[in-house]
Structure formats: structure tokens, C-alpha cells
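Worksheet for the structure shown next.
The values are calculated or read from the model by the stated rules, or taken from the named source; none is laboratory data. Since we're looking at a predicted model, the values are computed, not measured. As a convention, Cβ positions derive from the backbone with ideal geometry for all residues, glycine included, and neighbour counts pool all protein chains shown.
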Amino acid sequence: MSLRNRKLFYGAFFLVALLLVTVGGGMQKAPGYMDAEYYYAMSVRLAEGKGMTQPFLWNYLDDPPSLIAPSHTFWMPLTSLVAVPGFWLFRSFTGARLIFWLLSALVPPLTVWFGYRFHGDWELAVTGGALALFPVFYGVYLPVTDSFALYMLLGMAFFVMTGWPAGKIEMQAAGLGVVTGLMYMTRPDGLLWLVIALCWLGWKVWNESEQRVKSLLAVGVLCILGFLFVGSFWFARNLMVFHRLLPPGSGRALWLTRYEDLFLYPAQDLTFARWLSGGWERIGSGIWQAVVTNFQTAVAVQGSIALFPFIGVGMATCWKRSVVKVGLLLWAGIFLMFSLVFPYQGVNGSFFHAGAGVQPFLWVMASVGIQRTVMVVSGWRHWQRGHQVQVFLEVLLVLVCVFLTAGLFLQKIHGGKTGIPWGGGTEAYSQIEMVLERLGISPCEPVMVNNPPGYYLATGRAAVVIPFGDETTVRAASERYGVKYLILDQNNSGHLPDLYFHPGISRGFKFLMRFGDARIYEILP
């Protein structure tokens, strides 16, 4: 196919992808979940000139001294920064996510380009792009203010750079440094991509260069300088605010004994000794649960259920290519990071998020695997029309992804098993805020809730998260941060059963009223 026709195909893929993400995004009137709410809330504050500060606390890991605290001490800032121009221009949630719609629309055509660059087969490249148009589980998250599309594009850039022609190792090193810097500014696991980049560069230099030591030092320095070129402002900010390169409490996330420990108060209790005191049986159980759950995610999400075996076949077919080795190493590294090191975060979405970086590579591998599978079976069965079978299988698998993407999207939008439609939490918080106004509670009074970023976005009121613990823990956190009101819903009913199921019997908590599944309390001195 001529270059001109290929460009027309790229444009068509972009326009179709933009149409799909616009239609999907039009059905989402709110961010819908805490991650997207946090990124959007921070972009609003940045656009309004309030800097990198947050008027809410959603965890206590960095032991903030006050309710108004430095932002992005857990999540990284690039996603919020990307949303700033759109909100600044249009002053709306839709405006803030326009850039994410454009980024999402770039993923399918660039997947086509990446696939064609990798294997040179235009039909397979189009198949990979069609799979990217209908990303199954990722589909509902691409139109909102989250990092998925950004991470997919940066991951694709990483793979393209590892496949640059020989003789450009210095450019590769600097480029990989910049890309991994951007990935780190998007997600903390971007550091893993930097480590893999350094390992790959070292392996390549060791096998191809005559002056090994000199070349190893050169490419290592260039890669790290590229990384620091992007990340230097972030490290400088941390030094100015916290007097250290990383936010305080960053290492505490290593010592969770359950996911709820993210909300433990005080966070100083998250120590190696406490983690070890749980016993090896409990530690092993958490890791095993993460291994099983993350493998299911690898099959169902990253493998789009039906594509997983073809991804394996594609990797085996192209195993001699260094890009494939790097891709498998990254996929395995992400899996191990969120199974062995951060198992509870991995089970609760981190592996799902981090896997977006390798997703375009997996779509390309799936298309190669489809072709190879048909070729092998055709040889066994002596089919005379093997290519027609390949086309039929490609179309069938794309249609499966179409129906899965649409079904899962609509299920999320309409609430599925929970019955809570997309953005229902925002609406519920808005109604609770009206109840607080009727009770005469000043808008200046912060509240303690399950989802502080969501409550702040819905109401503009400052908020802190309900700590994981008993009533004494709740009172201790409320006293430190000057919070007088507690809004307790079913998400926290398990560890505060008396407050939720038996309103009015707990000392130190004045029951004000019940609204829906929420109980509203005044926390007495």
C-alpha cells in the first residue's frame, strides 16, 4: 500500500476513535471514581492558580500537618498537568478531558503505525489498530481524566525507541530517558521502565560495542540525564516542600497488611516490624491472592479474554526480536511488582493501571499470533484457503472485542450489579451537601467521608478520609485536622459497625440524621 493510502487509513482510524471516545465520554458526566476525581480536582486548582495543594486528605501516608496539604504525594502530577489547559479554556469537566479524548484517539492509528513498523504487514497492522479501537475493559476509562491513554502512548514510544536502527544508541539512550521520565511523572512504576531501559541499553552495548566500559557509561549517563531532564522539576519541588527527593511516607506503602492500611491513622504504624508480625502465612496469602488476581487481569483485561493465547503465540513467533524480549520482560516485571512488592495495591487496580503501558505492544503481538496460528493449522489440515480463514478469525475476534467493550461500558455506565450509575457518587454527595446546609453546618466546616476528592469536587467543601480503625481512631484523626462532622456510608460499615448499624449508641458521636445509606454525625469534643 502506498504511503498516501496509509496516511488516509491513519486519519480514518483517528476519526473513528475520536468519534467513539466522544460518544462514550458524552455519557460520562463526572469522573466516576477516586483516581479520576483526584486528577481533575488538582487540574482545577492548578488552573485557578492555587498551586499544587489539596484541600482534602485521602490518605495519611505522608503524615500531613494540616488539612491543606501539598498535592500529588501518592499519585504523580503529569495527568493533572495535562488536563489544565482544557479546564483553563473551557472551565468544565468536558473541557479538562478534551485532551484525553485526543490522546485516546491517537492510540489506534499509532498502534497501526507501530505494528506496520514492527512486522511490515499492513493487514496485520490494521487488525492491531482495530483491536485498539475496542479495548474492552479499558474502554470506559479512556474518556475521563486518568492516565490510561497517556501511558499507552508513552509505552508505545518506549517500544519504538528500543527498535531504532543500529548505530543510534546515544539517541536511543537519551530518548528512552525522556520517555521513562514522562512515564514516571505519570505513574510511580515508571521507574521500572527506566530500570528495564538501562538493562536493555547495557545488554545492547555489551554485545555490539568494542569499547564496552566507555559505551556503558555513556549510554547510562545519557539515559539518566534524559530522565532527570523531565523529572528534575518534580524532585526540586519535593526538595523545597519536603526537604527530600520523594514525598514523606513513600516507603510506607511497602508495609501494607491489607489494602485498607492505605487509610491507616497514624501512618507511622506502617512499619516493617508490623508487616512481619502478621506472620509468613498471612504475607504469603496476600501475595498468592495478588498472583491469582493479577493473572486473571492479564488474561481478561490485557488479553481481552479472547486474545490472550494469540499474544503468547505472537511472542513465540517473534522471540528473536529484542523488542519482544523487552516487552515480555516489562509485562513480567509489572506483574511481579504488583504481586510480590505491592500485592494489595495490585489487587485493587494498580496492575490494571500499570498494564496500560504494554497494551499496544500486546495488540500487535495478538495480530501476529492470529496469523501464525492460522498458518500452522493450515499446514496441519492442508487448507487451501488459509488466508480467508485468517481474515475470518481476525474479523471474528474484533467483533468479540466490539461487543465486550460496548457491554462492559454500558454496564459501568448504568451501575451493573451495584445499581449505582456512573457519577452516582457525585450526585449523592451533592444531595448530602444540601442536607448539611439545611442542618445549618457552615460550608467552611470540613467533613470526614469515604471519598474526599469526590466530595470536594461535588461540593467544594474540604474533607478528610475516614481512617481505617475504630471509633477512637476516628476521633483522633478528627481532632488533629479540626473535623467536626462524619458522613458514614456502607463502604465503611465493616470496621465501624455500631456507628453505621446502631446510630446513637456510640459515645462522642451525636447522630444528626440518616440520608439514603449515609449516616451523618457530629463528632463531639
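Would you be able to say whether some residue in the stretch 44-55 is touching a residue at least 40 places away in the same chain (Cβ under 8 Å) and of a type in the set (Ser, Thr, Tyr)?
No, the stretch 44-55 contains no residue that is touching a residue at least 40 places away in the same chain (Cβ under 8 Å) and of a type in the set (Ser, Thr, Tyr).
With modelled with pLDDT under 95 and within 29 Å of Leu340 (Cα to Cα) as the only criterion, which of Ala218, Ala253 stands out? So that I can check it myself, show each step before the final result.
Details: Ala218 fails: within 29 Å of Leu340 (Cα to Cα).
Answer to the selection: Ala253.
Report, ordered by the first and then the second residue, all pairs with beta carbons closer than 7 Å, sequence separation of six or more or different chains, a first member in the stretch 172-201 that is free of Cβ contacts under 8 Å to residues at least 60 places away in the same chain, and a second member that is outside any helix (DSSP H, G or I).
Short answer, once both residue conditions are applied: Gln172/Trp164.
Residues Ile441, Ile432: which one is in a loop (DSSP other than H, G, I, E, B), at pLDDT 95 or above, surrounded by 17 or more Cβ atoms within 10 Å (Cβ to Cβ) and out of contact with any Cys (no Cβ under 6 Å at 6 or more places or on another chain)?
On the way: Ile432 fails: in a loop (DSSP other than H, G, I, E, B).
Sole residue among the options that is in a loop (DSSP other than H, G, I, E, B), at pLDDT 95 or above, surrounded by 17 or more Cβ atoms within 10 Å (Cβ to Cβ) and out of contact with any Cys (no Cβ under 6 Å at 6 or more places or on another chain): Ile441.
Among the residues of the stretch 244-270 satisfying the criterion of being part of a loop (DSSP other than H, G, I, E, B) and touching a Lys or Arg at 6+ places or on another chain (Cβ under 8 Å), which is farthest from Ser66 (Cα to Cα)?
Pass one, the stretch 244-270, residues part of a loop (DSSP other than H, G, I, E, B): 244-249, 256-258, 265-266, 270.
Still in the list and also touching a Lys or Arg at 6+ places or on another chain (Cβ under 8 Å): 257, 270.
Working: Thr257: 26, Leu270: 20 Å.
The qualifying residue farthest from Ser66 (Cα to Cα) is Thr257.
Name the residues in the stretch 394-425 that are touching a residue at least 60 places away in the same chain (Cβ under 8 Å) and not in a helix (DSSP H, G or I), would you?
Trp422, Gly423, listed by residue number.
Select from the stretch 76-90 the residues that are farther than 17 Å from Tyr138 by Cα and touching a residue at least 12 places away in the same chain (Cβ under 8 Å) and list them in ascending order. Talk me through it step by step, then tell me what you get.
Within the stretch 76-90, the first condition is being farther than 17 Å from Tyr138 by Cα, and the residues that meet it are 76-78, 80-90.
Correct list: Met76, Pro77, Leu78, Ser80, Leu81, Val82, Ala83, Val84, Pro85, Gly86, Phe87, Trp88.
How about the stretch 179-197: which of its residues are β-branched (Val, Ile, Thr) and buried (at least 21 other Cβ atoms within 10 Å of the Cβ)? Let's see the steps before the verdict.
Of all residues in the stretch 179-197, those β-branched (Val, Ile, Thr) come to 179-180, 186, 195-196.
Within the stretch 179-197, Val179, Thr180, Thr186 meet the criteria.
Report whether or not Gly303 is of a type outside the set (A, V, I, L, M) and under 20 Å from the mean Cα position of the chain (by Cα). Talk me through it step by step, then tell me what you get.
Values: of a type outside the set (A, V, I, L, M): yes; under 20 Å from the mean Cα position of the chain (by Cα): yes.
It is true that Gly303 is of a type outside the set (A, V, I, L, M) and under 20 Å from the mean Cα position of the chain (by Cα).
Got a number for residues in the stretch 160-198 being assigned to a helix (DSSP H, G or I) and within 24 Å of the chain's Cα centre (by Cα)?
Within the stretch 160-198, the subset assigned to a helix (DSSP H, G or I) is 160-162, 169-186, 190-198.
So of that shortlist, the ones also within 24 Å of the chain's Cα centre (by Cα) come out as 160-162, 175-186, 190-198.
So the answer is 24.
Which one of these does Tyr38 not meet: (1) over 21 Å from Ala105 (Cα atoms); (2) over 17 Å from the mean Cα position of the chain (by Cα); (3) of a type outside the set (A, V, I, L, M, F, W, C); (4) at pLDDT 95 or above?
Just one mismatch for Tyr38, condition (2).
When the stretch 300-341 is examined, which residues are found to be under 21 Å from Glu394 (Cβ atoms), polar (S, T, N, Q) and crowded, with 21+ Cβ neighbours inside 10 Å?
Gln302, Ser304
Can you name the residue in the stretch 471-501 that is among the hydrophobic types (A, V, I, L, M, F, W, C) and part of a helix (DSSP H, G or I) and is also surrounded by the fewest Cβ atoms within 10 Å (Cβ to Cβ) among such residues?
Our first condition is that a residue be among the hydrophobic types (A, V, I, L, M, F, W, C); within the stretch 471-501, this holds for 474, 476-477, 483, 486-488, 496, 499, 501.
Within this subset, residues satisfying the condition of being part of a helix (DSSP H, G or I) are 474, 476-477, 499, 501.
Details: Val474: 27, Ala476: 15, Ala477: 22, Leu499: 23, Phe501: 10.
For the stretch 471-501, the residue satisfying everything is Phe501.
How many residues are among the hydrophobic types (A, V, I, L, M, F, W, C) and touching a strand residue (DSSP E or B) at 6+ places or on another chain (Cβ under 6 Å) when one looks only at the stretch 238-269? Break it down stepwise before answering.
The initial filter retains those residues of the stretch 238-269 that are among the hydrophobic types (A, V, I, L, M, F, W, C), namely 239-242, 245-246, 253-256, 262-264, 267.
Now restrict to residues that are touching a strand residue (DSSP E or B) at 6+ places or on another chain (Cβ under 6 Å): 241, 263-264.
Selection size over the stretch 238-269: 3.
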